[in-house]
Amino acid sequence: MIATLIQLFISYLKIGFFGFGGGYAMLSLIHSEVVVNNAWLTNSQFTDIVAISQMTPGPIAINSATYIGYEVAGVAGSVVATVAVCLPALTLMMLITHFFLKLRDNRYMKGAVRGMRPVVVGMIASAALLLMFSHSEDGKSFIDGWSWAIFALTLVGSARKVNPILLIILSGVAGVVIYGL
Amino acid sequence: MSQLFEIFWSFLKIGAFTFGGGYAMIPLIQHEVIHRRGWLSEQEFIELLTIAQTAPGPISLNTAVFVGYKYRRYWGALAAVTGVVIPSFVIILFIAIFFAGIRNNIWVDAAFKGMRPAVVALIVAPIVGLTKGMHWRGVSIALATAVVVWYFGFSPIWLLIAGAIGGVLWYARRGEEAEL
């Protein structure tokens, strides 16, 4: 139990510390810790949490910490993982706020930020690929032609600036109609 | 103490209503922090957005630390973070406890089968916009990152570190105007 809590703490500390580029970029990092390294969740369970996270308030990093923490080690786990994911932002942002005016025009800082930018875009793409083409059979997000139809329609909706929460709800309804009836 | 509670309360509201990611909350923060409380000026807010995007971690969390720290130092930052995290923590914990019981329900299972491809589409959607205007070198790095993380299961951490080091070296050699 204690070992699991420590592992959760370390994993989410890493996710918090290297979570550059916003929620979607963080997905591949969270996936790498939670599905690949520790096998706490399967690929499709991971996708479900992303769906839940889209429909509830709060960032995916924190939502996944609370959820996975609970799955792995109960309420204690969810507290440990949530605190861990917040710690780097708390400490780093205080430092950055303090020194920002000096750092802003620093050329090394600029170079590092610009160098990470394409990596962040690649991380978003890898998150999509990981969920599209899972290595394992139980982790498939795409099971038939309907899946691809929902994917294409959501893509169109998103390009037309339809609210993402609405898109998720509609696809859930579609799922009930297609697979539940 | 009452100031700390004000910070906590403001960010509790922000945390409870930030559906759909960090950028959706910007108008809410503007209203609460600039217009209502007067904790930041418009100029400071723009500075804040630059930092919140550059620093690791969710934007809402970074914003909370920045505003709290500016206004009341360490305790302010802690009050703001606690406020912004509590709503999602409570909601997700509730869902996690509740979801375990209904996960195998055929309706729930069917709904999630429908939602999974939609989630993937929402992740794919911003990629096109992000690569637009990017130099071919940047696009190649993005592609290589995607393949290495997805296919070979590399941790993105090493690639971020490599990107940061690469960026510093590149701009040190080529000057700041060189496109990456």
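The values are calculated or read from the model by the stated rules, or taken from the named source; none is laboratory data. What you see is a predicted model, and the numbers here were worked out from it, not measured in a lab. Because the Cβ atoms are built from the backbone with ideal geometry, glycine has one as well, and the counts that use them run over all protein chains shown.
Just one of (1) more than 7 Å from every other protein chain (Cβ to nearest Cβ); (2) farther than 14 Å from residue B:120 by Cα; (3) at pLDDT 90 or above fails for residue A:175. It is (1).
From B:108, B:119, B:139, B:128, grab the single residue that is modelled with pLDDT of 90 or more and β-branched (Val, Ile, Thr). Selected residue: B:139, the only one of B:108, B:119, B:139, B:128 that is modelled with pLDDT of 90 or more and β-branched (Val, Ile, Thr).
Checking the condition touching a helix residue (DSSP H, G or I) at 6+ places or on another chain (Cβ under 6 Å), outside any helix (DSSP H, G or I) and in the same structural domain as residue B:8 (by TED's automatic domain parsing), which residue from B:57, B:76 passes?
Details: B:76 fails: outside any helix (DSSP H, G or I).
Step by step, each of B:57, B:76 is checked, and only B:57 is touching a helix residue (DSSP H, G or I) at 6+ places or on another chain (Cβ under 6 Å), outside any helix (DSSP H, G or I) and in the same structural domain as residue B:8 (by TED's automatic domain parsing).
Check off (1) more than 7 Å from chain B (Cβ to nearest Cβ); (2) modelled with pLDDT under 90; (3) under 19 Å from the mean Cα position of the chain (by Cα) for residue A:123 and give me the number that stays unchecked. Evaluating residue A:123 over (1) more than 7 Å from chain B (Cβ to nearest Cβ); (2) modelled with pLDDT under 90; (3) under 19 Å from the mean Cα position of the chain (by Cα) leaves (1) as the failure.
The residue that is farthest from residue A:56 (Cα to Cα), counting only those in region A:122-181 that are touching a residue at least 60 places away in the same chain (Cβ under 8 Å) and among the polar types (S, T, N, Q), is A:136. Scanning region B:79-99 for residues that are within 8 Å of chain A (Cβ to nearest Cβ) and surrounded by fewer than 20 Cβ atoms within 10 Å (Cβ to Cβ) turns up B:91, B:93, B:95, B:97, B:99.
Listed here are the residues, each with its yes/no results for (1) farther than 30 Å from residue A:3 by Cβ; (2) assigned to a helix (DSSP H, G or I); (3) out of contact with any strand residue (DSSP E or B) (no Cβ under 8 Å at 6 or more places or on another chain).
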| residue | (1), (2), (3) |
| --- | --- |
| A:90 | no, yes, yes |
| A:141 | yes, no, yes |
| A:149 | yes, yes, yes |
| A:162 | yes, no, yes |
| A:178 | yes, yes, yes |
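In region A:5-14, the condition of being of a type outside the set (Gly, Ala, Ser), within 12 Å of the chain's Cα centre (by Cα) and not in a helix (DSSP H, G or I) is met by no residue.
Taking every residue in region A:38-65 that is within 15 Å of residue B:113 (Cβ to Cβ) and within 7 Å of chain B (Cβ to nearest Cβ) and pairing it with any residue that is outside any helix (DSSP H, G or I) and at pLDDT 85 or above, at least 6 positions away or on another chain, the pairs with Cβ-Cβ distances below 9 Å are A:48/A:41.
Residue pairs whose Cβ atoms lie under 7 Å apart, separated by 6 or more positions or on different chains, with the first residue in region A:70-99 and facing chain B (nearest Cβ under 9 Å) and the second part of a helix (DSSP H, G or I) and among the charged types (D, E, K, R), are A:97/B:70. Within region A:105-112, identify whether any single residue is assigned to a loop (DSSP other than H, G, I, E, B) and either of a type in the set (Gly, Ala, Ser) or facing another protein chain (nearest Cβ under 8 Å) (or both), and answer yes or no. No, region A:105-112 has no match at all. Residue B:54 is checked against (1) at the interface with chain A (Cβ under 9 Å from one of its Cβ atoms); (2) buried (at least 23 other Cβ atoms within 10 Å of the Cβ) and fails just one. What number does that condition carry? So residue B:54 meets the others, but not (2). When B:103, B:36, B:73 are checked against the criterion of being under 30 Å from residue A:178 (Cβ atoms) and exposed (fewer than 15 other Cβ atoms within 10 Å of the Cβ), a single residue qualifies: B:103.
Results for (1) touching a residue at least 60 places away in the same chain (Cβ under 8 Å); (2) at the interface with another protein chain (Cβ under 7 Å from one of its Cβ atoms); (3) closer than 30 Å to residue A:177 by Cβ, shown as yes or no for each residue.
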position: B:119; (1), (2), (3): no, yes, yes
position: B:132; (1), (2), (3): no, no, no
position: B:152; (1), (2), (3): no, no, no
position: B:160; (1), (2), (3): no, yes, no
position: B:170; (1), (2), (3): no, yes, no
position: B:173; (1), (2), (3): no, no, no
